[in-house]
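The next block holds one structure in the form of structure tokens; read it before the comments.
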Amino acid sequence: MAVVFQKTKGLTDTPFTYCPGCTHGIIHRLVAECLEELEILDRTIAIASVGCSVMSYEFFNCDAIQAAHGRAPAVATGVKRVHPDKIVFTYQGDGDLASIGTGEIVQAAHRGDNITVIFVNNAIYGMTGGQMAPTTLPGQITTTSPYGRDVSKQGEPIRMAELMAQIPGAAYIERVMTADPVSVRKAKRAIKKAFEIQKNGGGFSMIEILSSCNIGWGLSPVDSLKYIKEEMASYFPLGVFKDKGASQ
Amino acid sequence: MSKVLMKGNEAIAQAAIAAGCDAFFGYPITPQNEICEYMSKYLAKSGGAFVQAESELAAINMVYGAAGAGARTMTSSSSPGIALKQEGISYCAGAELPCVIVAISRGGPGLGGILPAQGDYNQATRGGGNGDYKVVVLAPNGVQEATEMVRDAFLLSEKYRNPVMVMADGVIGQMMEPVEINTDPLPKFEKPWAATGESQSRGTRNVINSLFLNPVDLENHNIALRKKYDTIEENEVQVDLYMMEDADIALVAYGTPSRIVKSAIEEMRSQGIKVGLIRPKTLYPFPFKQINEAADKVKFMLTAELSMGQMVHDVRLAVNGKVPVYFYGRAGGMIFEPKEISDAVKSHLGGE
């Protein structure tokens, strides 16, 4: 019988630890499929971060290093500098990358390190129980913004893709989402492009992916996907913010 | 090869390159800057990687990454910078990564000062990071020994898969002394556990990790680490005994102060006072046994440190009440003279 579909070799058989309805699982599959399709599984080192995806080192079917909270880009730099021919990527959430790790992500891009950053933005600290993140939307209710995020005291959400695009060392910056089949396919194209850039020695790339946290948001999985599309994507516009390859 | 006159920091850096250091990640801080500067100038020439990190946090995490990927790697800093590295050192210890941290100590707390001090004994030997872990700490007394200890540090770190710190006070970093650096190739330990990327051809995935969510697994990890530390404590203690054969009084000092204490000993010996020196070369593992045995033969001990008294607590633990253990210290970058040590010893002779 002909095989019409099989799970990507880029994932292990370990069951995901993500909540039902969360789109981390989709993003994992997209990354894993790209690693398989680009035939780089046997030269890739994944850097896991702290947050919901802390266990990602169990899921990606490649070598992996689990990093301290926010430090994944520095760990990636350390790996890449001693293995310049290997593929190194970090997988980080918004608390990890846009709060505690802003120094590391900005400086890794400034150095132009030839690494790929998968940045999963779900506007909340999911792992610790739904606290306000730097990307939490204005007015959004979380366990540490119980009256809604008050931008007069807590500031506006950080738009990381736009910020990172300003950095000369960044080669490719794009924001995508995982809200429906079409956007998932677009997300995969972006992720693949980022890995291709690294494979070709093109330099630092970051793909920001708007993702859901139905549990933390208190929405059904279906309503969460709507929330990504209607609320998140209107504050965090999708698109390519930097493409050094195209401008040359 | 004949001896050359070199500044401590530069000699340390050259010794690290000679020992096969693949990658160095640092951040400027006085009084260790010459290590970074030397590495930036020479490490790439010998095929290694140099990165000036954006912070001490980033530097130690780059070390964590490079060590996890199998490289022989190192960072250096001074007291407040070493404080910032503690999180990463804890991760390296937890994930059992071999790496070398050179600490050129200055005065504290806080920003403190930039002159030599030994107020970081507790930070180095107790670990400023979280969790049950130990870092091997080597304490040289001069430039030559600092270069030898850097070499030892790489060996010990790979032998035990554990971070090793070379802690030298700022005097050693900044002064020039004649030195001969060992350039023999240092054997590389096999690292079949390293995350080098070849998961498919290897047939297994290598994962570098310090997370154990299952309490049974974490306890077993803690027990395994403890067993490793027991082995280190059994086998790796280094201590120098000077004029202890007939000594009535033992002075205990490490690093640069141990040399000042030696001058004091010579002066006191000429006056008929039988004083000897116990110099721990490893601060962890600490020479508890050797100091305890020495306590059987002396009337009292006196610990001399460039601090308000840190190692003295370990000396008291070692002596275990057998004889009094006194303390003399200076701090803040002030360094005692031999006469201050002699006077301190004599002040305790009076009551007998």
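Bear in mind these aren't lab numbers, they're just calculated from the coordinates by the rules spelled out. In this text, all values refer to a predicted model and were calculated from it rather than measured experimentally. Neighbour counts run over all protein chains shown; Cβ positions are idealised from the backbone, glycine included.
Divide the volume of the convex hull of the Cα atoms of the stretch B:171-249 by its number of residues and quote the answer in cubic angstrom per residue.
With only Cα atoms used, the stretch B:171-249 gives 288 Å³ per residue.
Of all DSSP beta bridges located in chain B, what percent are antiparallel, nearest 5?
Once the DSSP bridges in chain B are tallied, antiparallel ones form about 25 percent.
So what is the relative contact order of chain A, in percent, for Cα pairs below 8 Å that sit 6 or more residues apart?
Relative contact order for chain A comes out at 19 percent.
Using only Cα atoms, tell me the angle between helix B:8-18 and the longest principal axis of chain B; keep it within 0 to 90° and round to the nearest 10.
40 degrees
Select from B:Ser258, B:Phe189, B:Ala168 the residue farthest towards the positive end of the dipole of the stretch B:160-281; place +1 on Cβ of Lys and Arg, -1 on Cβ of Asp and Glu, and compute about the Cα centre.
Farthest towards the positive end: B:Phe189.
Quick one: Karplus J couplings for the stretch B:220-235, per residue in order, coefficients 6.51, -1.76, 1.60, θ = phi - 60°, nearest Hz, x for Gly and Pro?
Result, ordered by residue: 4, 5, 4, 5, 5, 4, 4, 4, 5, 5, 4, 5, 4, 5, 6, 10 Hz.
With charges set only on the Cβ (+1 for Lys and Arg, -1 for Asp and Glu), what does the dipole of the stretch B:239-349 come to about its Cα centre, in debye to the nearest 20?
For this selection, approximately 100 debye.
Would you kindly state how much longer the chain becomes between B:Leu218 and B:Glu267 on full extension, computed as 0.36 nm times their sequence separation minus their alpha carbon distance, in nm to one decimal?
12.2 nm
Kindly express, to the nearest 10 degrees and within the range 0 to 90, the angle between helix B:143-160's C-alpha long axis and the longest C-alpha principal axis of chain B.
It works out to around 50 degrees.
Work out how much length B:Glu180 to B:Leu349 would gain on full extension: take 0.36 nm times their residue separation and subtract the Cα-Cα distance, in nm to one decimal.
So the chain would gain 56.7 nm between B:Glu180 and B:Leu349.
Kindly list the residues of the stretch B:275-319 that lie in the label zone of B:Asp248, defined by a backbone N under 15 Å from the point 7 Å along the Cα-to-C-beta vector.
Of the residues in the stretch B:275-319, B:275-276, B:297-302 have backbone N under 15 Å from the label point off B:Asp248.
Within 10 Å of each Cβ in peptide B:203-216, how many partner chain Cβ atoms are there on average? Round it to a whole number, please.
For peptide B:203-216, the averaged partner shielding equals 4.
Take every DSSP beta bridge with both residues inside the protein assembly as shown and express the antiparallel ones as a percent of the total, to the nearest 5.
In the protein assembly as shown, approximately 20 percent of DSSP beta bridges are antiparallel ones.
What number comes out for the charge environment of A:Ser234, summing +1 per Lys or Arg and -1 per Asp or Glu over other residues with Cβ under 13 Å away?
So the surrounding residues net to +2.
Let me have the relative contact order for the stretch B:239-349, percent, based on Cα pairs under 8 Å that are six or more residues apart.
This gives 29 percent for the stretch B:239-349.
Projected onto the charge dipole of chain B (+1 at Lys/Arg Cβ, -1 at Asp/Glu Cβ, origin at the Cα centre), which of B:Gln118, B:Ala224, B:His313 gives the Cα projection farthest towards the positive end?
So the residue furthest toward the plus end is B:Ala224.
For a test of understanding, tell me how many lysine pairs in the stretch A:24-247 have Cα atoms under 14 Å apart, given they are 8 or more places apart or on different chains.
5
What residue among B:Tyr38, A:Ala64, B:Gln144 has its Cα farthest toward the positive end of the dipole of the protein assembly as shown, where the charges are +1 on Lys, Arg and -1 on Asp, Glu, each on the Cβ?
A:Ala64
What list do you get for B:Thr196, A:Thr77, A:Thr44, B:Thr204 if you sort them by fewest beta carbons within 10 Å?
Fewest to most other Cβ atoms nearby, the residues stand as B:Thr204, B:Thr196, A:Thr44, A:Thr77.
Using modelled amide H (1.01 Å from N, peptide plane; none on Pro or chain starts), what sits under 5 Å from the amide H of A:Ala48, excluding residues fewer than 5 places away?
A:Ile65, A:Gln66, A:Ala67
Summing +1 for each Lys or Arg and -1 for each Asp or Glu, what net charge is found among the other residues whose Cβ lies under 11 Å from the Cβ of B:Ala19?
Local net charge: -2.
For the protein assembly as shown, what does -39500 (n - 2.57) per DSSP helix run (n ≥ 4), summed and divided by total residues, give at 222 nm, in deg cm²/dmol to the nearest 500?
Per the formula, -10500 deg cm²/dmol.
Quick one: of B:Lys45/B:Lys228; B:Lys159/B:Lys322; B:Lys3/B:Lys262; A:Lys7/B:Lys159; A:Lys9/B:Lys134, which pairs are farther than 31 Å apart, Cα to Cα?
B:Lys45/B:Lys228; B:Lys159/B:Lys322; A:Lys7/B:Lys159; A:Lys9/B:Lys134
With a sphere of radius 14 Å drawn around the Cβ of B:Ala195, what net charge do the other residues whose Cβ falls strictly inside it have (Lys, Arg +1; Asp, Glu -1)?
Charge balance in the 14 Å sphere: +2.
Over chain B, what relative contact order in percent results from Cα pairs under 8 Å that are six or more residues apart?
This gives 17 percent for chain B.
Normalise the Cα radius of gyration of the stretch B:4-235 by 2.2 N^0.38 Å (N = residues in it) and let me know the number.
Rg over 2.2 N^0.38 Å, computed on Cα atoms: 0.98.
Mind checking the angle between helix B:256-270 and chain B's longest principal axis? C-alpha axes, 0 to 90 degrees, to the nearest 10.
Helix B:256-270 and the main axis of chain B meet at about 20 degrees.
Apply the Karplus parameterisation 6.51 cos²θ - 1.76 cosθ + 1.60, with θ equal to phi minus 60°, to every residue of the stretch B:170-178 and state each ³J(HN,Hα) to the nearest whole Hz, in sequence, with x for glycine and proline.
Working through the residues one at a time gives x, 4, 5, x, 9, 8, 9, 9, x Hz.
Would you mind calculating the gained length between B:Met308 and B:Met334 on full extension (0.36 nm times residue separation, minus the Cα-Cα distance), in nm to one decimal?
8.2 nm
Averaged over its residues, how many other protein chain Cβ atoms are within 10 Å of peptide A:201-207's Cβ atoms?
0
Between A:Glu37 and B:Gln52, what is the label-to-label distance in nm when each label sits 7 Å out along the Cα-to-Cβ direction?
With each label point 7 Å from Cα toward Cβ, the separation is 4.2 nm.
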